[in-house]
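J.: I'd like to ask some things about the structure below.
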């Protein structure tokens with residue numbers, strides 16, 4: 001009898017930011033930075049405002065607390081195989097804010113050089129509207145075998161539940177949600193059509209060897 005194994009899974013971790021005061025302070029810091037630097041930078045973002053990547057410095061204590069939360073999430077999902085009891089690695093964080101109005105989106109991209117990437121949603125911008133027509137979903141693309149699938153786009157691999165596995169997965173953000181995934185995973189944001197303004201914070205965690 002044939003044996004079925006499922007190998008090389010891709011982790012995607014979700015959690016909730018419990019401190020309303022922390023969210024408020026983060027929103028205040030982002031607003032102040034946007035007022036200071038209204039131009040921001042252009043990277044994967046289409047429209048919207050993208051801050052510089054120095055939010056650990058200008059975001060205050062709330063930003064440092066959020067980075068610590070991301071590091072805890074990363075530590076819970078990572079092991080140093082040469083020192084499993086006490087990892088030899090620490091994390092160097094890179095952090096920035098995104099402010100997105102109607103029509104804003106992000107192109108598919110990865111974060112080279114990082115190990116984990118996280119996104120925290122300070123305000124989902126939906127104003128309580130559950131309509132799927134508002135878009136703005138975080139899109140995750142299956143990283144396996146893209147060239148093979150281009151020649152046979154109607155073929156799919158069966159999953160453990162017996163259903164075909166999708167090429168793309170959509171995650172609808174919620175205020176207070178934080179998600180984390182490997183930095184090599186292709187991700188994008190669909191055009192946002194909510195009635196409010198979405199504010200999110202992105203974090204990259206770069207591994208640094210602290211001892212031999």
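Bear in mind these aren't lab numbers, they're just calculated from the coordinates by the rules spelled out. No experiment lies behind these values; they were computed from the predicted model shown. Ideal geometry is used to build each Cβ from the backbone, glycine not excepted, and the neighbour counts take in all protein chains shown.
J.: What is the packing order of peptides 69-79, 93-103, 170-180, taking the mean over residues of other C-beta atoms within 10 Å and listing the highest first?
T.: The packing order, highest mean first, is 93-103, 170-180, 69-79.
J.: Then there is this: Taking a ≥ b ≥ c as the square roots of the Cα gyration tensor eigenvalues, with a/c under 1.5 meaning rounded and otherwise prolate when a/b beats b/c, else oblate, which class fits the chain?
T.: oblate
J.: What's the FRET efficiency of residue 115 with residue 1 using the Cβ-Cβ distance as r and R₀ = 45 Å, to the nearest 0.05?
T.: 0.70
J.: How would the range 17-62 be classified by its alpha-carbon gyration tensor: rounded, prolate or oblate, with rounded meaning a/c under 1.5 and the a/b versus b/c comparison settling the rest?
T.: Prolate is the answer for the range 17-62, as a/c is 1.5 or above and a/b outweighs b/c.
J.: Beta carbons within 10 angstrom, averaged per residue: use that to sort the peptides 40-49, 7-16, highest first.
T.: In descending order of packing, they fall as 40-49, 7-16.
J.: At 0.36 nm per residue, minus the direct Cα-Cα distance, what do residue 160 and residue 61 gain on full extension? Give it in nm, one decimal, please.
T.: This chain segment gains 31.3 nm when fully extended.
J.: Taking the Cβ of each residue in 164, 6 as the centre, tally the other Cβ atoms inside 10 Å and list the residues starting with the fewest.
T.: Final ranking by Cβ density, sparse to dense: 6, 164.
J.: Can I ask one more? At a 10 Å Cβ-Cβ cut-off, how would you order 25, 205, fewest neighbours first?
T.: With the fewest neighbours first, 25, 205 line up as 25, 205.
J.: Quick check: residue separation of residue 186 and residue 168 times 0.36 nm, minus the Cα distance between them. What number comes out in nm?
T.: Contour length minus the Cα-Cα distance gives 5.5 nm.
J.: Quickly estimate the mean residue ellipticity at 222 nm for the chain, helices only: each DSSP H run with n ≥ 4 gives -39500 (n - 2.57), and the total goes over all residues, rounded to 500.
T.: Helix-only estimate at 222 nm: -6500 deg cm²/dmol.
J.: Given R₀ = 22 Å, what would the calculated FRET efficiency be for residue 43 paired with residue 131, taking r from the Cβ atoms and rounding to 0.05?
T.: For residue 43 and residue 131, the calculated efficiency is 0.15.
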